[in-house]
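The values are calculated or read from the model by the stated rules, or taken from the named source; none is laboratory data. Source: prediction; values computed, not measured. As a convention, Cβ positions derive from the backbone with ideal geometry for all residues, glycine included, and neighbour counts pool all protein chains shown.
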């Protein structure tokens, strides 16, 4: 890890009341810690329901009601933000931390022009006139490679293609140059070729800002990230440098995810889907959350494994893969 | 916005069928009275007078001939003269169009001025206690028929507080109660629609995007959620114009407002058929025109529909 | 299309305050209360609703013996109000049932028979809905005269398209369902399919519409009576009472409170029931999915 730390999350828990009305809570994010340095790209990988989006939303102060942060802290550029009021959070959002959402079709207001969205975001954080804001909006569109930006300023989202919409989305998140960007599945809704373009754009535009890339796709994470954290059932089960995670997965879940990615399947003869399904985040699990689907399961898995140092990375598993077994 | 000639022709065709069915209904309604001549002459008429009226208006002719003649006359906007005062019915009616349009227009403005802020306030955080109470109040208000609301407002503002005149059509002060009365026909319903739409819009992904770029609570509501919510509200106001005209009839009678509705109700008490026919005809054209206008307007307001033709 | 874009309130979002239970409970108990008043109006009324007494003219609320006061002829307002139940509710119910029967038959017919019959029914329904119903009702009543059945028939016949439109749309959907198609394959006769298989599926919708339409018809009936084009002038309907109160707004402001209040009570009750049933059947439909 190099450079100053811009974002750190420490033992964060985000809780929701259980839906059955019993008054019990469940943790959508359960004791997650991570840190992000300037210029760094961190991938957070997991299936849907693993808590990765909720983790991102809590960093934005956007945890949807009735969920709330019950313990832990979030520090953005040496300032605690998890206990800030809505007004202070509004000042931070877009200026200190920006977010790119998954589906550009539903995430852009259908009745507002692209220009209006950008100008509003610019003027929210800068004391500039309409003309100046418009110039900056044009620059923002140019910077994300949108052709004929003058015309696009007057366009409505539905008049743009999916790829262009996602570029607008990125322009909107970057327009005030926040030092931290969170991109939540930025390419999932797009065609493969457009996906590659958008990932390239993100890589190019983020040389000086820190990025958290949230994805279910280890392949996408591998392409862009310095470090990767794998989430399961609201917890980080494995973290480390992208290279070490991809070449030597320690957690059986990570190994399973890798086996399901065709591109990284060099060593293995067939695609192996992970058997079973992840536990419903609202049902309590004792011990390791992955044990039901795990081939390495032993009685010790009934105690919750802690995230610990192992062969140069972090892993929360009683039976992490050893150096030898990986190479065997 | 593209202008499709075929769509225009189709609209005119619909209007023609619409008007034909209305005037046909009115024609046979007149026949239902038994002997139209008797209606015209009244109870005091002598047999000679009856005979004369029958000849004069062609009531002695076969029904089909009368119907055709009736249609030909209507095509020239000739509805005959009012039984009451021998003036041409059509011009009598046309004189009343202005006041009715004024009343309807004012009340639409009032409806929006009440329903949009109130609905936005109720819808923005629907679980807050004061908003639940407000929601219940609006729910009950929706059950108050417009004419009951009108009587209540006369009681309050004209009888108890003596702020406003309860009747008439001279000066802006006399406009207020009729406007509010007609507004009460639609305002509670519109408030509920706006509130529900705002609540709905507040859950949309684009609101999260706006929050992520720093928009505050009021900006979210007014600039991001409300524009979407209002599209539905526009559709409702447009679709309810016919209902609003029904309300205008009652409101005009309550406040002696010299519009189409008051004229129509007065004409029905004397069975003044030329006036009834002309009034209903004009109302039909009016309703059709407004419906068409709102369709076009709606396409213009909603950017997603703008690219399509009429 | 509008609904798909979320322009109108999208169905199916359940909040705590949206649970149908409270609405149905409140609406149901109010309905029971109204029903009892309507049944026992004869026993509960202390006076003849039509008999005036010149000595007790225009007595205010809470006058001994006249809880809700008296009107310009000295008639007891409470007794008139009670005798108004069978009149006002009766006309509204009859009109609603006529509209429902005509509308359901027309809607089913249009859904069953494609071609010109469907076009004709749907176009007529659209035309009638587009027109201010009160205007036509005024003209018709003026010609055929006041009274219980003229009013019920006019309102019923003028408002069938509201049922027809909904029934048509729903029946069209139901006719595509597997079990209906299967019945057709087995050679079940057309009208049997409609009655045995389609009609039961329409029941929740019809119940909701029944409640809302009943409320609309009550308002329409009292509006027409209020304009002097409704029930016979002597009849103690709520609309007539309101019409009379209009002349005495300054002298006897209480005259409008009772009939106005009871109309609001009934309409709110019916709205509660309609909303409650609608939400209940929606929740059920979701539970099945």
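Across the range C:247-261, the qualifying residues are those that are at the interface with chain B (Cβ under 9 Å from one of its Cβ atoms) and at pLDDT below 85, and the one among them that is farthest from residue C:38 (Cα to Cα) is C:250. Here B:264, B:271, B:297 are screened, and the one residue that is at the interface with chain C (Cβ under 9 Å from one of its Cβ atoms), touching a helix residue (DSSP H, G or I) at 6+ places or on another chain (Cβ under 8 Å) and assigned to a helix (DSSP H, G or I) is B:264.
Can you name every residue in the range A:170-226 that is within 26 Å of residue A:138 (Cα to Cα), within 14 Å of chain B (Cβ to nearest Cβ), outside any helix (DSSP H, G or I) and at pLDDT 85 or above? Answer for the range A:170-226, where residues must be within 26 Å of residue A:138 (Cα to Cα), within 14 Å of chain B (Cβ to nearest Cβ), outside any helix (DSSP H, G or I) and at pLDDT 85 or above: A:175, A:176, A:177, A:178, A:180, A:181, A:182, A:183, A:184, A:185, A:186, A:212.
Out of C:153, C:78, C:134, report the one residue that is more than 14 Å from chain B (Cβ to nearest Cβ) and more than 19 Å from residue C:168 (Cβ to Cβ).
C:78
Residue check: residue B:212 meets all listed conditions (1) modelled with pLDDT under 90; (2) in contact with a strand residue (DSSP E or B) (Cβ under 7 Å, 6 or more places away or on another chain) but one, namely (1).
Just one of the listed residues (A:54, A:99, A:105) is part of a helix (DSSP H, G or I) and facing another protein chain (nearest Cβ under 9 Å), namely A:105.
Yes or no: the range A:231-245 includes at least one residue that is farther than 21 Å from residue B:213 by Cα, at pLDDT below 85 and in a helix (DSSP H, G or I). No, because not a single residue in the range A:231-245 is farther than 21 Å from residue B:213 by Cα, at pLDDT below 85 and in a helix (DSSP H, G or I). Considering only residues in the range B:98-139 that are loosely packed, with under 15 Cβ neighbours inside 10 Å and under 29 Å from residue C:214 (Cα atoms), the one that is nearest to the other protein chains (Cβ to nearest Cβ) turns out to be B:132. The condition (being modelled with pLDDT of 85 or more and closer than 29 Å to residue B:181 by Cα) is satisfied by just one residue among B:275, B:296: B:275. Within the range B:122-135, residues that are part of a loop (DSSP other than H, G, I, E, B) reach partners that are at pLDDT 85 or above with beta carbons closer than 7 Å, at six or more positions or on different chains, in the pairs B:125/B:131; B:126/B:199.
Yes/no per residue for (1) farther than 23 Å from residue A:315 by Cβ; (2) surrounded by 16 or more Cβ atoms within 10 Å (Cβ to Cβ):
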{"position": "A:34", "(1), (2)": "no, yes"}
{"position": "A:39", "(1), (2)": "yes, yes"}
{"position": "A:43", "(1), (2)": "no, yes"}
{"position": "A:66", "(1), (2)": "yes, no"}
{"position": "A:78", "(1), (2)": "yes, no"}
{"position": "A:88", "(1), (2)": "yes, no"}
{"position": "A:94", "(1), (2)": "yes, yes"}
{"position": "A:99", "(1), (2)": "yes, yes"}
{"position": "A:102", "(1), (2)": "yes, yes"}
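Among the conditions (1) within 14 Å of chain C (Cβ to nearest Cβ); (2) in a loop (DSSP other than H, G, I, E, B); (3) surrounded by 16 or more Cβ atoms within 10 Å (Cβ to Cβ), the only one that residue B:162 does not satisfy is (3). Against the definition (surrounded by fewer than 22 Cβ atoms within 10 Å (Cβ to Cβ), within 10 Å of chain C (Cβ to nearest Cβ) and on the phi < 0 side of the Ramachandran plot), how does residue B:249 come out, yes or no? Against the criterion (surrounded by fewer than 22 Cβ atoms within 10 Å (Cβ to Cβ), within 10 Å of chain C (Cβ to nearest Cβ) and on the phi < 0 side of the Ramachandran plot), residue B:249 does not qualify. Take the conditions in a loop (DSSP other than H, G, I, E, B), within 14 Å of chain C (Cβ to nearest Cβ) and buried (at least 20 other Cβ atoms within 10 Å of the Cβ) and apply them to residue B:144. Does it pass? It is true that residue B:144 is in a loop (DSSP other than H, G, I, E, B), within 14 Å of chain C (Cβ to nearest Cβ) and buried (at least 20 other Cβ atoms within 10 Å of the Cβ). Selection of the range C:35-74 for residues being touching a residue at least 60 places away in the same chain (Cβ under 8 Å) and out of contact with any helix residue (DSSP H, G or I) (no Cβ under 6 Å at 6 or more places or on another chain) yields C:50, C:58, C:72. The condition (being farther than 22 Å from residue B:25 by Cα and not in a helix (DSSP H, G or I)) is satisfied by just one residue among C:167, C:188, C:198: C:188. Counted as qualifying within the range B:1-81 are the helices (runs of 4 or more DSSP H) with 3 or more residues that are more than 25 Å from residue C:140 (Cα to Cα) and either within 14 Å of another protein chain (Cβ to nearest Cβ) or touching a helix residue (DSSP H, G or I) at 6+ places or on another chain (Cβ under 8 Å) (or both), namely B:5-32. Looking at residue C:258, is it assigned to a helix (DSSP H, G or I) and within 17 Å of the chain's Cα centre (by Cα)? No: the conditions fail for residue C:258. Here residue B:93 qualifies as within 14 Å of chain C (Cβ to nearest Cβ), in contact with a helix residue (DSSP H, G or I) (Cβ under 9 Å, 6 or more places away or on another chain), closer than 30 Å to residue B:177 by Cα and assigned to a helix (DSSP H, G or I).
Can you confirm whether the range C:103-110 contains a residue that is in a helix (DSSP H, G or I) and within 18 Å of the chain's Cα centre (by Cα)? Checked against the condition, which is being in a helix (DSSP H, G or I) and within 18 Å of the chain's Cα centre (by Cα), the range C:103-110 yields at least one hit. Only residues that are assigned to a helix (DSSP H, G or I) and either more than 23 Å from residue C:69 (Cα to Cα) or facing chain B (nearest Cβ under 9 Å) (or both) were counted across the range C:208-238, and they come to 18.
Applying the condition of being in a loop (DSSP other than H, G, I, E, B) and under 27 Å from the mean Cα position of the chain (by Cα) to the range A:127-155 and asking which residue is nearest to the other protein chains (Cβ to nearest Cβ) yields A:144. When residue B:152 is tested against the conditions (1) in a helix (DSSP H, G or I); (2) touching a residue at least 24 places away in the same chain (Cβ under 8 Å); (3) within 14 Å of chain C (Cβ to nearest Cβ); (4) within 25 Å of residue B:241 (Cα to Cα), the lone failure is (2). Condition first: away from chain C (no Cβ under 11 Å) and under 28 Å from residue B:123 (Cβ atoms). Can you find one or more residues in the range B:283-293 that meet it? Yes, some residue in the range B:283-293 is away from chain C (no Cβ under 11 Å) and under 28 Å from residue B:123 (Cβ atoms).
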